[in-house]
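Heads up: the structure comes next, in structure tokens.
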Protein chains: 4
Amino acid sequence: MSYNNFGKLFRFTTWGESHGPAIGCVVDGVPPKIPLEEQDIQKYLDRRRPGQSKHTSQRQEPDRAQIMSGVFEGLTTGHPISILIKNEDQRSKDYDEIKDKYRPGHADITYDAKYGIRDYRGGGRASARETAARVAAGAIARKILGKGVTIRAAMVQMGHHKIDRQRFNWAEVARNPLACPDAVAAEGWAAALDKVRRDGNSLGAIVEIEATGVPVGLGAPHYAKLDQDIASAMMSIHAVKGVEIGAGFGVAELLGSENADEIRRGKKGAPKFLSNNAGGILGGISTGQPVVVRIAVKPASSILTPRQTIDREGQETDIITKGRHDPCIGIRAAPVAEAMLACVLADHLLLDKAQCG
Amino acid sequence: MSYNNFGKLFRFTTWGESHGPAIGCVVDGVPPKIPLEEQDIQKYLDRRRPGQSKHTSQRQEPDRAQIMSGVFEGLTTGHPISILIKNEDQRSKDYDEIKDKYRPGHADITYDAKYGIRDYRGGGRASARETAARVAAGAIARKILGKGVTIRAAMVQMGHHKIDRQRFNWAEVARNPLACPDAVAAEGWAAALDKVRRDGNSLGAIVEIEATGVPVGLGAPHYAKLDQDIASAMMSIHAVKGVEIGAGFGVAELLGSENADEIRRGKKGAPKFLSNNAGGILGGISTGQPVVVRIAVKPASSILTPRQTIDREGQETDIITKGRHDPCIGIRAAPVAEAMLACVLADHLLLDKAQCG
Amino acid sequence: MSYNNFGKLFRFTTWGESHGPAIGCVVDGVPPKIPLEEQDIQKYLDRRRPGQSKHTSQRQEPDRAQIMSGVFEGLTTGHPISILIKNEDQRSKDYDEIKDKYRPGHADITYDAKYGIRDYRGGGRASARETAARVAAGAIARKILGKGVTIRAAMVQMGHHKIDRQRFNWAEVARNPLACPDAVAAEGWAAALDKVRRDGNSLGAIVEIEATGVPVGLGAPHYAKLDQDIASAMMSIHAVKGVEIGAGFGVAELLGSENADEIRRGKKGAPKFLSNNAGGILGGISTGQPVVVRIAVKPASSILTPRQTIDREGQETDIITKGRHDPCIGIRAAPVAEAMLACVLADHLLLDKAQCG
Amino acid sequence: MSYNNFGKLFRFTTWGESHGPAIGCVVDGVPPKIPLEEQDIQKYLDRRRPGQSKHTSQRQEPDRAQIMSGVFEGLTTGHPISILIKNEDQRSKDYDEIKDKYRPGHADITYDAKYGIRDYRGGGRASARETAARVAAGAIARKILGKGVTIRAAMVQMGHHKIDRQRFNWAEVARNPLACPDAVAAEGWAAALDKVRRDGNSLGAIVEIEATGVPVGLGAPHYAKLDQDIASAMMSIHAVKGVEIGAGFGVAELLGSENADEIRRGKKGAPKFLSNNAGGILGGISTGQPVVVRIAVKPASSILTPRQTIDREGQETDIITKGRHDPCIGIRAAPVAEAMLACVLADHLLLDKAQCG
């Protein structure tokens, strides 16, 4: 059952296919009187936009966000904000060749099995172009969170290349086209990715997202846990196959005495945690420490390397996916993951205000 | 904001504290005329029940499920099924000593910050005892899924001890008290866990959950993806810090050509995948392959090793958590994770029937 | 699809059949630290309780509410409050005779058509006994609203007998067993109802519910209008066939110049409306005037007068519904309608706080 | 809290203001492979469109629906259908004069109190122009219901003028500009309405909506009752102040023996009801008889007759609302009410399929 909406109070609904006239979203639950203009959204869309380096898809989309409702004289009205993003650089003919073939690793085969429809034009509704709408919603979520909350993401692993955490520097992320926080690593990664791309192949990645300044007390036990909703948000992003919070899968190898973050008296008597294995969340509720999330992003399945598949008739065949694809999806997944985290936090900010405000 | 319910159509609501008179759940959306008796639920509760070996909590709870509504003459009526599980072995006095201290790694501090209430009796609403209600709901979910779907879980890593996947045998899981699918490993693990327990410490774990026989077509793109809802379900379980599907975090190190599961013509013309990195889900929709999920379970924070903390007044102190705790939560997390996967699948079975049935 | 829960943030889930072991509800979304004890709930249940005069059902149910969770040391914890009400005076044998017959005006025939199950014991899940759970939830809702909000209900019409609105006096409602606000009318009504009851028949009614002290600004345009949610709440009550707000159906006969409530400057500059045709709601949002609602309650279908019907086999037959039924459901509908209005207002209070607080 | 979406499985979200660039809706949960083109929607929008006779607003809006997503090669895809309706005939200057005044009977004052924003351009989000989006959603709902279900509406009372039910003829509704099912009455009504309009005033109305061919078994007891969801849907429409089902408020004056619809054996053994006081719904579930609903529609508050009011500063003033308003909203409410009923029925069709299909 189609459920193209996310969130409980701060909610957005997305719509659109990669090769239709436009995509968009409707963002509901926004408090009134927040200053909002198109540029507030555009600046985040620009970070997600393809075609900005050779390391991302060469599709040329201006991705211009138009606010269609919900803003009056520069302020949010409390009513739904509809955002429209026109599709401009569509080349459906790129897909003619694979019209009846299922691309391995893609949703082609499952969509067809479920809906009996094969929209072969760039993935149709399954296209990662949908994530532009998420980024737009995320920009509004950030406005609700205010300047005290900072959300950022970095690619901390690309293929088998890992960063050196001693060199982790958030400022580096914007300085290289790979969203890599380690300046030294970034250089080698660029060469490695270039080679993979020229080989007609792609690389997986791990992206780390961090939110600082998150108020204490967001989340709720049992089915609206902050980490639960983050996991849901992240796993809803195209190509994500894993989510972890704080020490994540690493907790398996920790003793209880190592894992539980000890507490001391901090400034002004506030609690001070001596470590952050919890990733800023205990019992589903934020502790005030940075919320730390990592996601595993699979390598793009649209590659020039021939792969075995079948067609709609069930006949065996080979496939090469031409087109303008991302050699490493992790790069452009970073702003999308940031947006989803912003949406979850904004939602929980409103939820907390309702019950405990 | 408290949201103690899970699911869209097949939904359950849980309630209760570890040291109140009872816990329970209300399961709604169950199709009518499904045979259901208390024993169908009890057999799963018995697997989760503490006190069955020295490797789990020594709390002695019969965990007897009473069906209070929704079943008439042995058949579900289509109306809500209320299940009551009395709390019998409560020893609130175990907690007197720590009444005003925050246990590191526990929800004590966040609950108190959010709600201004400190229910010190065994975690109150945060207690993992809540998972008994999930197991009860899961038992009903399995009835909806029918015998064609098999859901099972095994502990595949305990601390730094990993199984040998060549020896993976589902039949072993029930034969040892550690839910370990590798008979050889199980022996060493028992000794290791025993030592950790005697040391007043605890171990983390990785649990793998698998569902076979899942129909093709469950799930929906964008915000009701099958993997998204599984991630949400798993991360809602106490102590879980990571979730991955199929190749999971391993995808980071794969090339696109290695990751995308190739497709051939299988029996009766049905698609046959040559691998299962996708973990049975493409584009948020089930492929018919086994759904494979892994979760990271942190080591119990209730340990006898003294830890640094503060009390409600903000004063620094040390804490030892006596009581009857699990040296490795992973063991009892296995039936809970199975239950949550069953609930997600049953929900999506109904959702799919609604739109595409 | 079974949906036994009501509300968006302040939510309750009800369960149970009239002839099972108990009925109950789980109330979620309650702010923490509100003083709550069983007596707070009991006093409203006592008003709804049958058997208090010859004008209501003679079933003898103590309807004792037990709080099973969500309250700690006399305060709400912010977690779900589970309330259990045992069924004590069950006489299933009263129903043996009609086991296979569909009672006209009852849900027997539609439940059986939909679910394929005939729970003949007093209506099963369709029983108005379910409304005890609503009253319990409403008692908690009132606690959230606080003492500034007063919610009360009166029966303003019984059969063709109408009150004289000049004699409307809320104080009278508790002084007669008919919840009639007109002392003079009440006397005649008692005799009339007595006659109808002795004739083995029943009477319809109109109940008026009013909430004063409702803060300005509750509700939201489009699909969470305060009047919309009130309409939903009221129509969800057994036997209700109509709902109106303010001037209600009377607006049909008004000119625009008569209907729109004019506004003047009131105390401290606050708006003062010169009339209340709007019933306290404009554009789905509360104005601060009294919220005024009226519901039409059908006459009980369980009567001693023989009626034509069919049985499960489709054979024509006659039916007399013995048992202990209400000659005028309107009387006991009054506290239920109050409870539902309280729940809607509490929900919208939290919703408003979330977005505009 | 803003909740601009309606429905549980068949869901739509509306957005837009009367004087922004466009309004629209996103319709989700539509089964795949249903033939759908813009004309299917347009034909219903044309019925709601203003400016078609002197009896409705003279605003000239083509109200052209554009399908932006969710349809591929003429068939629904199972993904969200986004519909865009541009605003073309905006005359914001009509509103300059009343910019700071609250129109009595309008949402101006409550919106401003709640949101602190006064969008004076034709009501902003509160504008009845929003109902065009509902009509578009309703057109898609009808496609899901199929040709076996007929939904139609008629104005059965205008001011104090009532139809003669003996002359009720559905065919007449389209033959006069008043949606009146009584040809004789229609003539007198036209003259009466003309006079009221020339007097700068307006009339209230009662609209009756009927659905035939509704399958037995739609709806669910307790909080998803078919009549409950219909009441919610109808009361969500602008200007509606009352909703009734079947005999509605008339039940108050009926005896139990008169009200309960007796049952006989009908064709092929199916139940045959001897009357339809229930309005096609028993216990919240459809009986298969026609679903009969009536709504009370208040007279337009935008009139040329001067009314007393205050401005944003709280100063007393008078107001005349110029512009292009409807002398009797009931006329154009008819297609909107039909659309909302279609949406509720389509939603419950899917819900029923999920649990009992």
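The values are calculated or read from the model by the stated rules, or taken from the named source; none is laboratory data. If you're wondering where the values come from, they're calculated on a predicted model, not measured in any experiment. Cβ placement follows ideal geometry from the backbone for every residue including glycine, while neighbour counts extend to all protein chains displayed. Surface accessibility is based on the protein's heavy atoms, side chains included, excluding ligands, DNA and RNA. Shrake-Rupley method; radii C 1.70, N 1.55, O 1.52, S 1.80 Å.
Below is a table of values for the structure above.
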read-out: Of all residues making up the range D:295-328, the number that are outside any loop (DSSP other than H, G, I, E, B), in contact (Cβ under 8 Å) with a residue 24 or more places away in the chain and more than 8 Å from every other protein chain (Cβ to nearest Cβ); value: 4
read-out: Hey, B:A278 of a type outside the set (K, R) and in contact with a helix residue (DSSP H, G or I) (Cβ under 8 Å, 6 or more places away or on another chain) or not; value: no
read-out: Hits in the range D:245-264 (condition: open to solvent by less than 20 Å² (accessible area, probe 1.4 Å) and touching an Asp or Glu at 6+ places or on another chain (Cβ under 8 Å)); value: D:I245
read-out: Enumeration of residues in the range B:26-40 that are within 15 Å of B:K143 (Cβ to Cβ) and outside any loop (DSSP other than H, G, I, E, B); value: B:V27, B:D28, B:P35, B:E38, B:Q39, B:D40
read-out: Residue in the range A:243-250 that is under 16 Å from B:G248 (Cβ atoms), out of contact with any strand residue (DSSP E or B) (no Cβ under 6 Å at 6 or more places or on another chain) and more than 7 Å from chain B (Cβ to nearest Cβ) present; value: yes
read-out: Condition met for D:V149 (surrounded by fewer than 20 Cβ atoms within 10 Å (Cβ to Cβ), out of contact with any His (no Cβ under 7 Å at 6 or more places or on another chain), modelled with pLDDT of 95 or more and farther than 25 Å from D:A239 by Cα); value: no
read-out: Residue list for the range A:79-119, restricted to those being closer than 30 Å to D:S18 by Cα and touching a strand residue (DSSP E or B) at 6+ places or on another chain (Cβ under 8 Å); value: A:H79, A:P80, A:I81, A:S82, A:I83, A:L84, A:I85, A:K86, A:N87
read-out: Cβ pairs under 8 Å, 6+ apart, first in the range D:62-83 and farther than 25 Å from A:A113 by Cα and open to solvent by 10 Å² or more (accessible area, probe 1.4 Å), second part of a loop (DSSP other than H, G, I, E, B) and of a type in the set (K, R); value: D:P62/D:R49
read-out: Answer residue from the range B:9-35, given it is surrounded by fewer than 20 Cβ atoms within 10 Å (Cβ to Cβ) and out of contact with any Lys or Arg (no Cβ under 6 Å at 6 or more places or on another chain) and is nearest to B:C180 (Cα to Cα) among those; value: B:P35
read-out: Those residues of the range D:251-265 which are within 7 Å of chain C (Cβ to nearest Cβ) and not polar (S, T, N, Q), in sequence order; value: D:V251, D:A252, D:E253, D:L254, D:L255, D:G256, D:A260, D:D261, D:E262, D:I263, D:R264, D:R265
read-out: Residue within the range B:120-130 that is at pLDDT 95 or above and among the hydrophobic types (A, V, I, L, M, F, W, C) present; value: no
read-out: Scope the range B:116-132; condition open to solvent by less than 20 Å² (accessible area, probe 1.4 Å) and outside any loop (DSSP other than H, G, I, E, B); matching residues; value: B:G124, B:R125, B:R129, B:E130, B:T131, B:A132
read-out: Selection within the range C:52-61 - open to solvent by 20 Å² or more (accessible area, probe 1.4 Å) and touching a Lys or Arg at 6+ places or on another chain (Cβ under 6 Å); value: C:Q58, C:R59
read-out: C:G217 being open to solvent by less than 10 Å² (accessible area, probe 1.4 Å), facing chain D (nearest Cβ under 7 Å) and more than 18 Å from D:Y111 (Cα to Cα); value: no
read-out: Residue, farthest from B:D227 (Cα to Cα), within the range B:265-279, restricted to residues that are open to solvent by 40 Å² or more (accessible area, probe 1.4 Å) and in contact with a strand residue (DSSP E or B) (Cβ under 6 Å, 6 or more places away or on another chain); value: B:R265
read-out: Residue among D:V135, D:V156 that is within 13 Å of chain C (Cβ to nearest Cβ) and open to solvent by less than 20 Å² (accessible area, probe 1.4 Å); value: D:V156
read-out: Flag for B:F273 being without any contact (Cβ under 8 Å) to a residue 60 or more places away in the chain, more than 7 Å from every other protein chain (Cβ to nearest Cβ) and not basic (K, R); value: yes
read-out: Among the residues listed as A:A171, A:A186, A:A190, the single one being of a type in the set (A, V, I, L, M, F, W, C), free of Cβ contacts under 8 Å to residues at least 40 places away in the same chain and surrounded by fewer than 20 Cβ atoms within 10 Å (Cβ to Cβ); value: A:A171
read-out: Top-ranked residue of the range D:303-324 - restricted to ones that are surrounded by 24 or more Cβ atoms within 10 Å (Cβ to Cβ) and not aliphatic (A, V, I, L, M), ranked as farthest from D:P104 (Cα to Cα); value: D:T321
read-out: Residue within the range C:37-46 that is more than 21 Å from the chain's Cα centre (by Cα) and open to solvent by 20 Å² or more (accessible area, probe 1.4 Å) present; value: yes
read-out: 2 or more residues of a type in the set (G, A, S): qualifying strands (runs of 3 or more DSSP E) within the range B:178-283; value: B:205-212
read-out: Only listed residue being of a type outside the set (K, R) and either within 24 Å of C:Q52 (Cβ to Cβ) or within 24 Å of the chain's Cα centre (by Cα) (or both), chosen from C:I310, C:I329; value: C:I329
read-out: Long-range neighbours under 6 Å by Cβ, at least six apart or interchain, first residue more than 7 Å from every other protein chain (Cβ to nearest Cβ) within the range C:15-26, second surrounded by fewer than 24 Cβ atoms within 10 Å (Cβ to Cβ) and of a type in the set (S, T, N, Q); value: C:S18/C:S127; C:H19/C:Q90; C:H19/C:S92
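To keep it simple, each residue is scored yes or no on (1) of a type in the set (S, T, N, Q); (2) closer than 26 Å to D:G357 by Cα; (3) more than 19 Å from the chain's Cα centre (by Cα).
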site	(1), (2), (3)
C:G74	no, no, yes
C:G78	no, no, yes
C:I85	no, no, no
C:R103	no, yes, yes
C:A107	no, yes, no
C:D112	no, yes, yes
C:I117	no, yes, yes
C:A126	no, yes, no
C:V135	no, no, no
